[in-house]
Amino acid sequence: MGLADRREELDGMVERDQVVDVVVIGSGYGAGVCAARLAEAGAKVCVLERGREFTAGQFPSTLSGIVDNLQLDNAWFGRGHRLGLYNCHVGADLDVLVGCGLGGTSLINANVTIKPDARVFDQDVWPDEIRAEASDGTLDRYFARAWSVLDPAPFPSAERTPRKLAAMEDNGATRCAINVHFDRGRKTNSIGVPQRACTSCGDCVTGCNKGAKKTLCFTYLPIAKSFGAKIFVQCDVRHLARRGELWEIHFQQLATGAEQVKPTHKLRARTVIVAAGVMGTTGILLRSRDEISLSRALGARFSGNGDAIAFAYNCEDRLDSVGTGARRARRHPTGATILGVIDHRPADRPLEHGIIIEEGAFPSGTAAVLRTALEVVASAFGEDTQRGFLHHLREWLAEARDLFGLGTAHGALNRTLLFLLMGHDGARGTVELDGRGQARVRWPDLHRLPLFDAENELARALAERLRGLFVKDPLDTRVFMNNLITVHPLGGCAMGANGAAAVDHAGRVRADDGSVQPGLYAADASVIPTSLGVNPLWTITALAERIAAHVVTDLGLAPSLAAVRASTTLKPGVEVQP
């Protein structure tokens, strides 16, 4: 049974001009938390998600399926369909890759759950309330509550260690806590939803067809559903308007995703929580400026979380870094996409010098094209870290295996590690609307930051220890005009310490005069005013727990913020099985 409700029910709500207590726009970490906690508190909640609902077995597993689900937003060109799972916002300075579907980016992320350096919350870009709660430990309870639902765990020590993880551990890595169900003896997750155990196929980032990833569809959204929330997919919210005491949400129902962009429906609500991700939330609010007074800070303080990618190509040892997908697992499985992290965040150095490195797997559906593409990229931009005839002969033989399809398990791609690096970029980017009304990022001097040189040096040193070819991010070259890409966008609707910020500490959206717009909130990665330097999903979820508690109080559904309910399981007697 799926989570989404029939669209005919939404049509009826629109036709009857029904007023909903709370409309949540989006279904990612921020939206999922708010939908669950508001429904749990007794509010009538309606969730509007632009993407489709995917269940295990429906995610793309072939190259053609992945290409068909590629959604490009750009001022000059576009794929033209708004239902593609892999939504890439192409900009002149930075590309942003996020997920589009019920569950948001949790459908295609690598599931890593890491807490930021404590000094992140000491920065004066945060509201005083957040800084105070971080200092006295109050903020930790929201992190704890998020952890209890997501229930992350490292790769089990009792299972055979994947080669790519072993290579990282040999170089000082620790195992990441990731939102994946590993326990083969346990048929349900932390909230009672059935889940299958991970098969270590390595296809996390194209979508888990095994039902092992603890996406929002297995965690917060079932909680929301069990407490009566209505969840509707393929609803593209374009803008908001204020009509008296109520909010109007103008949206378009999508059938193919290729329809001309034009709002066709409107739903009325007393409270609106915009949580459609950085590009979605900021874009919706920017498009609403003709109807609503909004802070001039809207769009500012965008961060790419210092994201960079690099490769250790064709290393000396086989790493089994290519996913197996539906094929029978190898004796040494790939494991989840990311399993280990090397932490370069020393406490005795400034916060902005902190960097982490994680290894990545190549999804099975992309392997065929990557075997050739990465070989070309490595030839053009790679830096050899080793010398000698035998070394180069081994490299050539491995590349030949990939090129001619001869025993690719021993080929160059299966001896390659993808590195994902994160750090602190200063959050000086801006989200604005292009000529088609789509959100894009402007940050002309981003690639000149010293951070990326430092990240490349760390990746180069690791590639050398693995006796592989070092390849920096191919996008950060003149061929691609030194563009970069992030999978961890933050900010754009950032909270701050004064009335000039886009939202306050509780996610309340501010007007141009610094007052708050009654009943309008933002509650996702867009409210984070700085880079985090680590995978942000845990922080996004924790802050959304905090914002949801404040919304509950604002609506008079709880006596005080201190009365945060302890329940994290489904409503008794209600079964929800995605």
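The values are calculated or read from the model by the stated rules, or taken from the named source; none is laboratory data. Remember, it's a predicted structure, so these values are computed and weren't measured experimentally. Glycine also receives a Cβ, built like all others from the backbone with ideal geometry; neighbour counts cover every protein chain displayed.
Here the strands (runs of 3 or more DSSP E) wholly within region 223-319 that include at least 3 residues being farther than 30 Å from D402 by Cβ are 230-232, 235-243, 246-253, 265-274.
What do you reckon, is T105 in contact with a strand residue (DSSP E or B) (Cβ under 8 Å, 6 or more places away or on another chain) and either of a type in the set (D, E) or within 18 Å of Q234 (Cβ to Cβ) (or both)?
Details: in contact with a strand residue (DSSP E or B) (Cβ under 8 Å, 6 or more places away or on another chain): yes; either of a type in the set (D, E) or within 18 Å of Q234 (Cβ to Cβ) (or both): yes.
In short, yes.
Taking the listed residues V24, V33, the one that is assigned to a helix (DSSP H, G or I) and closer than 27 Å to W538 by Cα is V33, with no other qualifying. The set of residues in region 2-13 being surrounded by 16 or more Cβ atoms within 10 Å (Cβ to Cβ) and not charged (D, E, K, R) consists of L3, A4, L10, M13. The set of residues in region 492-538 that are polar (S, T, N, Q), within 21 Å of C34 (Cα to Cα) and surrounded by fewer than 24 Cβ atoms within 10 Å (Cβ to Cβ) contains only Q517. Taken across region 192-205, residues that are surrounded by 19 or more Cβ atoms within 10 Å (Cβ to Cβ), part of a helix (DSSP H, G or I) and touching a helix residue (DSSP H, G or I) at 6+ places or on another chain (Cβ under 7 Å) do not occur at all. From the list S303, S295, the one residue that fits, being under 21 Å from the mean Cα position of the chain (by Cα) and of a type outside the set (V, I, T), is S303. Would it be correct to say that T337 is surrounded by 14 or more Cβ atoms within 10 Å (Cβ to Cβ) and at pLDDT below 95? Spelling it out, it is not the case that T337 is surrounded by 14 or more Cβ atoms within 10 Å (Cβ to Cβ) and at pLDDT below 95. Only one of the numbered conditions (1) assigned to a loop (DSSP other than H, G, I, E, B); (2) of a type outside the set (S, T, N, Q); (3) touching a residue at least 24 places away in the same chain (Cβ under 8 Å) is violated by E129, and that is (1).
Being on the phi < 0 side of the Ramachandran plot, buried (at least 21 other Cβ atoms within 10 Å of the Cβ) and either out of contact with any Leu (no Cβ under 7 Å at 6 or more places or on another chain) or of a type in the set (S, T, N, Q) (or both) is not true of T174. Per this entry, D524 is counted among residues that are modelled with pLDDT of 95 or more, of a type in the set (D, E, K, R) and within 14 Å of the chain's Cα centre (by Cα).
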